[in-house]
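To keep things clear, I will list the structure first and then write my remarks on it.
Just so it is clear, none of the values below were taken in a lab; they were calculated from the coordinates. As the structure is a computational prediction, the values presented were derived from the model and not from experiment. No Cβ is skipped: glycine too gets one built from the backbone with ideal geometry, and neighbour counts run over all protein chains shown.
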Amino acid sequence: MQRLKVGVIMGGVSSEYEVSLNTGREMLKHLDPSKYEGIPVIINRLDQLIEGVNGLDFALLALHGAYGEDGTVQGTLETLGIPYSGSGVLSSSLCMDKQLSKTILRHAGIPTPDWLCWDSMECYDTDAARRLGYPVMVKPNAGGSSIGMTKVNSGQELRNAVLKAFAEDACVMIERYTAGQEITCSLLNGKLLPVIGIRSLGEEWFDYSAKYEQGGADEQILQLPAATAERVQEAALASYRLLKCSVYARVDMMLKDGVPYVLEVNTLPGMTETSLLPQSALAAGFTFSGLLDAIITGSLQERSCRQGTVVSHV
Ligand SMILES: Nc1ncnc2c1ncn2[C@@H]1O[C@H](COP(=O)(O)OP(=O)(O)OP(=O)(O)O)[C@@H](O)[C@H]1O
Ligand SMILES: [Mg+2]
């Protein structure tokens, strides 16, 4: 059988460049060589994508953040007719925009912390933030890896935090801080994998260092009480479906008094061997190679289904 030419697309132009290289290297290491020919495609500029994917059978996306996780690369690959991994254009764009995805979740009755969004410093309003209630998390609306985020405990700290988030994004979210147990729910081909509980060790919350430094966080598969587990499963699956995710995704939540509050849905979550989704998949019996296989197979099915839909309308 001929091996599939799989380009691992990594790097990119977002603040998560380094994280993406780690994801990409790990994917290349674990692609099953009997089925796939793994080809590294490192992107430093947007236009390199077109040449980089030329001749590939499949694009395995190791990108994170803007121009990678946000639907733009997916749109380009759709246009070029190259099947790619993970969610499609609309879902990727929606999930990248925390404000829009939270609006959809809230409308459907899925708990998510209260929030405000500001498009410029002209919107800056300490009274509105106070009404939300301190502490608040200030974050770039379309960020990732906790970059540009600050936990703000009082009005005095607000301005600097907002300026820091505006350095990363044209839209800044002010979100009510939800104290509780942090959990993350990974989904693979529409099914929930074991839930992981996260405890940041050196830091108060899951910031960049807690995420990526060795010993930064304790991440364990959680056994939740049955009623809570059911609520978590419902919220995770509903978020995945409402935001039209496909193949795989990771839903980040805070669990407070047994209620899961959805913070965000990641359509291209970190994929090193120690990242959360692979850990969760491992607990469900997937080796890293098996997980990549499931992602590629699921994505090929998803893309061929959609092409089928187009043809049937012609
Ligand atoms: N409203 C909140 N209440 C409590 N903690 C929060 C809140 N928002 C964010 N956090 C903390 O900050 C971390 C990062 O938040 P969030 O997932 O929104 O950002 P991100 O940069 O998109 O992350 P990712 O790397 O998962 O893409 C969370 O994992 C959590 O520890
Ligand atoms: Mg997150």
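If I fit a long axis through the Cα atoms of helix 226-242 and take the longest principal axis of the Cα atoms of the chain, what angle between them do I get, 0 to 90°, rounded to 10?
60
Dividing the alpha-carbon Rg of the chain by 2.2 N^0.38 Å yields what? Intermediate results must be reported in sequence, preceding the final value.
Numbers: Rg = 19.3 Å, N = 314, 2.2 N^0.38 = 19.6 Å.
Cα Rg divided by the expected 2.2 N^0.38 Å: 0.99.
Once a ≥ b ≥ c are taken as the square roots of the eigenvalues of the Cα gyration tensor of region 173-314, is the result rounded (a/c under 1.5), prolate (a/b larger than b/c) or oblate (a/b not larger than b/c)? Numbers along the way, then the final one.
On the way: a/c = 1.96, a/b = 1.57, b/c = 1.25.
It comes out prolate by the Cα gyration axes.
Please work out the C-alpha center-to-center distance from region 4-28 to region 115-144 and express it in whole Å.
Between the Cα centre of region 4-28 and that of region 115-144, the gap is 32 Å.
Determine by what factor the alpha-carbon radius of gyration of region 1-131 differs from 2.2 N^0.38 Å, reporting the quotient. The partial results should precede the final answer.
Numbers: Rg = 18.4 Å, N = 131, 2.2 N^0.38 = 14.0 Å.
Against the compact-globule rule of thumb, the ratio is 1.31.
Roughly how many debye, to the nearest 20, is the charge dipole of region 114-176 about its Cα centre, given +1 on each Lys and Arg Cβ, -1 on each Asp and Glu Cβ, and no other charges? Intermediate results must be reported in sequence, preceding the final value.
Numbers: 7 positive and 9 negative charges, 51 e Å.
For this selection, approximately 240 debye.
How long is region 114-176 along each principal axis, judged by its Cα atoms, biggest number first, in Å?
25, 23, 20
Check cross-link reach from Lys35 to the lysines: straight Cα distance under 26 Å, and skip same-chain residues fewer than eight apart.
Lys5, Lys191
Taking the beta-carbon count within 10 Å as an exposure proxy, list Ser34, Ser91 from fewest neighbours to most. If you can, show how the numbers build up before the last one.
Numbers: Ser34 8, Ser91 23.
Starting with the residue having the fewest Cβ neighbours, the order is Ser34, Ser91.
In the chain, what % of DSSP beta bridges are antiparallel (nearest 5)? Write out the running numbers ahead of the final one.
Working: 37 of 50 bridges.
If I count the DSSP bridges inside the chain, around 75 percent turn out antiparallel.
On a C-alpha basis, how far is the centre of region 44-68 from the centre of region 175-221 in Å? Whole number, if you could?
28
Determine, for Val152, Val89, the number of other Cβ atoms within 10 Å of each Cβ, and report the residues in order from fewest to most.
Working: Val152 21, Val89 17.
With the sparsest Cβ surroundings first, the list reads Val89, Val152.
In degrees between 0 and 90, to the nearest 10, how far off the longest principal axis of the chain does helix 288-313 point, with axes built from Cα atoms?
Taking the Cα atoms of the chain, the angle to 288-313 is about 80 degrees.
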